[in-house]
Amino acid sequence: MLGVITQFVSRKQAPMILLFVLIILPLAIKSDYLMHVLITIGLYVVLSLSLNLVAGFTGQLSIGHAAFYGIGAYVTALLMLNYNVPYWATIPISGIITALFGLLLGLPTLRLQGDYLAIVTLGFGEIVRLVFLNWDSVTRGPMGLPGIPSPEIGSYMFFSKIPFYYLILVILIITILFMVRVAESEFGLSLIAVSHDEVAAEAVGVHTTRAKLLAFTFAALFAGIAGGYYATYISFVSPDSFTFMDSVTILAMVVLGGLASIPGVVIGAIVLGLAPEVLRFMADYRMLLYGALMVGMMIFKPEGFWGANKRVRNVILKNLDKSHHLTKRGGTNWPH
Amino acid sequence: MFFQQLVNGLTAGSMYALIALGYTMVYGILKIINFAHGDIFMIGSFTGLILVKQFHMSFIPAMLLSMLIVAILGIIVERIAYRPLRHSTRLGPLLSALGVSIFLVNFAQLAWGTQTRSFPPSFTIKTFNFGGVILSSIQIYAMVVAILLMLGLHLFVHKTKMGVAMRATSHNVNTASLMGIKVDNVISVTFGIGSALAAAAGILVGLYYDAVYPVMGYTAGLKAFTAAVLGGIGSIPGAMLGGLLLGVCENLGAAYLSMGYRDAIAFGLLIIILLIKPTGLLGKNIQQKV
């Protein structure tokens, strides 16, 4: 099957064809439920790609990612409800505010490693959720913030799932393009170097402090944008949507998909996003099975659906090739 | 007011300490965070409830039997979900633990429903007044049981052959196995003891707060974990100290600052401790060699 496809489609054409299918998909799907599932998966892909920057490329275990998602959602919701800011203007604002929180959480990474860092991110996630829950005068506590308006373009209001689908598709494409650029850039390589051995990376001239802080900042930025989208799409935010379990779900997508592998993480988000829907026929037993599958997956295929080792090696080889050509042509040793 | 909060804090703290011991013992040996531990605690609470309600057992036998049952559960969980991953990456066991946690919570919801249950008021709650400080019989029970179990653990770890093997394994797994220690058995025993202590804590918490429900392991687990880190994860006295300290701090904080931020105080404290002294109060300092 795969062989037949690759005969007709080259590597370059494949993303274009996939994009075309994604663009015309709403024409074929008439069910609101299916559209909702697709939008949710899109949101999950953006979230897990953003976490992948920290947990995958940089190798810093973060289990509080839902906090950034939540901060983005609450900032967007509050701006739209209290100050009538249009959705489009809230994107940069909530993105930047969330990124600042990312920078803040990045600071402990300079001192802590491994499990200890994971604990700090966990504590951060819980504190953020508790602030949502207890800052009644602003967040209305457990009641949440209802009635968040939909985005508007001129006089056109987003009324159905279809415009929301295209909006998340645009956010998704921007995220993927950004992540692919990062993966192939020197910055991406420095992140991978940090994940492999921080001391060695420092020794070969990688600015590890900057690399780690930037990874956290960008991860938070994209999670914040996803959060803002969630707020306007669901039109309601409450502390229940940004719990420890949500952080864990996002992390599971990254790990089960394949750490540091962009296609892997996308597949992980799709599979885990679909699993609760596909397993719906099992009714009450589906989450039971979900937990068991997670254990089984770690035992039998710990590198994920699409392990990154090959991919990382390819990037490094490609970069080595480039520098090799440059030296042959009498250029500098390393392209900068 | 102050002494009342101190006593309440010590009660909560002794229960945190019992759960924290499970985290710290497993971390000491395997260097993994057993995220399913909070849910094992929850299963312990339910087992105790069922033994008391349906089998009409009295408190002490019900607690001992549920500790035994949950110890076996802990050993099985380790066999199935952690042992095959012992040589995998650090993330492997972590996610596997989260999978077990999801499984156990949903199992409890299917088996016993999502509503909150409570223990029958089998022993009348008496209150004692010590110069303005009110102590309930449940609080005394909880503290006495916790102290006895911790004493027992201390004796086990320091006076028995298995205890020596456990300490050796937590120093260095490879060296321990070269010295003829059956590391697999030691790990099983560790999981068994940790789970049994969590089960005891589960019953005490269920009695003290008068509530048993499937997601009760989440907050209790996180708090106990915080306590373990506070005291220095991997250190048994550290877990005891961390538990008591956390219980007292958050009760005093909730009384004098704000009730709603009780949990935030715990996590804030955790982050501050980690930033100032990452190894916790009684943790061993490990130098990173290059």
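Structure values in brief
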{"quantity": "Subset of segment A:268-288 (residues that are without any contact (Cβ under 8 Å) to a residue 24 or more places away in the chain and within 15 Å of A:Thr249 (Cβ to Cβ))", "calculated": "A:Ala275, A:Pro276, A:Leu279, A:Arg286, A:Met287"}
{"quantity": "Identity of the residue in segment B:7-27, among the aromatic types (Phe, Trp, Tyr) and within 9 Å of the chain's Cα centre (by Cα), that ends up nearest to B:Ile134 (Cα to Cα)", "calculated": "B:Tyr16"}
{"quantity": "Filter result (more than 9 Å from chain B (Cβ to nearest Cβ) and of a type in the set (D, E, K, R)) within segment A:130-161", "calculated": "A:Arg140, A:Glu152, A:Lys161"}
{"quantity": "Single match in B:Ile32, B:Ile40 (criterion: crowded, with 24+ Cβ neighbours inside 10 Å and within 26 Å of A:Leu122 (Cα to Cα))", "calculated": "B:Ile40"}
{"quantity": "All helices (runs of 4 or more DSSP H) inside segment A:188-297 with 2 or more residues being among the aliphatic types (A, V, I, L, M) and within 28 Å of B:Met216 (Cα to Cα)", "calculated": "A:244-257, A:262-278"}
{"quantity": "Flag for A:Ile270 being away from chain B (no Cβ under 12 Å), surrounded by fewer than 22 Cβ atoms within 10 Å (Cβ to Cβ) and at pLDDT 80 or above", "calculated": "yes"}
{"quantity": "Options A:Glu184, A:Glu198, A:Glu152: the member that is touching a Ser or Thr at 6+ places or on another chain (Cβ under 7 Å) and of a type in the set (Asp, Glu)", "calculated": "A:Glu198"}
{"quantity": "Boolean, B:Gly180 is outside any helix (DSSP H, G or I), without any contact (Cβ under 8 Å) to a residue 60 or more places away in the chain and closer than 27 Å to B:His87 by Cα", "calculated": "yes"}
{"quantity": "The lone exception for B:Gly99 - which of (1) surrounded by 18 or more Cβ atoms within 10 Å (Cβ to Cβ); (2) of a type in the set (Gly, Ala, Ser); (3) more than 14 Å from chain A (Cβ to nearest Cβ); (4) over 18 Å from the mean Cα position of the chain (by Cα) it fails", "calculated": "(3)"}
{"quantity": "Hits in segment A:193-205 - residues which are closer than 19 Å to A:Leu103 by Cα and away from chain B (no Cβ under 14 Å)", "calculated": "A:Val194"}
{"quantity": "Exclusive hit being at pLDDT 90 or above and assigned to a helix (DSSP H, G or I), set B:Leu275, B:Leu252, B:Leu246", "calculated": "B:Leu246"}
{"quantity": "Residue within segment A:79-100 that is without any contact (Cβ under 8 Å) to a residue 12 or more places away in the chain, of a type in the set (S, T, N, Q) and at positive phi present", "calculated": "yes"}
{"quantity": "Filter pass, A:Tyr156 being free of Cβ contacts under 8 Å to residues at least 12 places away in the same chain and within 30 Å of A:Ala260 (Cβ to Cβ)", "calculated": "no"}
{"quantity": "For A:Ser150: the one exception among (1) surrounded by 15 or more Cβ atoms within 10 Å (Cβ to Cβ); (2) touching a residue at least 12 places away in the same chain (Cβ under 8 Å); (3) assigned to a helix (DSSP H, G or I)", "calculated": "(3)"}
{"quantity": "Out of B:Thr127, B:Thr116, B:Thr89, sole residue that is over 30 Å from A:Val248 (Cα atoms) and either surrounded by fewer than 18 Cβ atoms within 10 Å (Cβ to Cβ) or within 10 Å of another protein chain (Cβ to nearest Cβ) (or both)", "calculated": "B:Thr127"}
{"quantity": "Any chance B:Ile134 is modelled with pLDDT of 85 or more, closer than 24 Å to B:Leu18 by Cα, surrounded by fewer than 16 Cβ atoms within 10 Å (Cβ to Cβ) and of a type in the set (A, V, I, L, M)", "calculated": "no"}
{"quantity": "Test for A:Ala231: is it under 23 Å from A:Phe187 (Cβ atoms), buried (at least 24 other Cβ atoms within 10 Å of the Cβ) and of a type outside the set (Phe, Trp, Tyr)", "calculated": "no"}
{"quantity": "Residue in segment A:171-185 that is aromatic (Phe, Trp, Tyr) and in contact (Cβ under 8 Å) with a residue 12 or more places away in the chain present", "calculated": "yes"}
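So that you can scan it fast, the table gives a plain yes or no per residue for (1) within 14 Å of chain A (Cβ to nearest Cβ); (2) in a helix (DSSP H, G or I); (3) of a type in the set (A, V, I, L, M):
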{"residue": "B:Gly163", "(1), (2), (3)": "no, yes, no"}
{"residue": "B:Thr175", "(1), (2), (3)": "no, yes, no"}
{"residue": "B:Ala200", "(1), (2), (3)": "no, yes, yes"}
{"residue": "B:Gly221", "(1), (2), (3)": "yes, yes, no"}
{"residue": "B:Gly238", "(1), (2), (3)": "no, yes, no"}
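The values are calculated or read from the model by the stated rules, or taken from the named source; none is laboratory data. Model, not experiment: these values are computed from the prediction. FYI the Cβ positions are ideal-geometry reconstructions off the backbone, even for glycines, and counts take in every protein chain you see.
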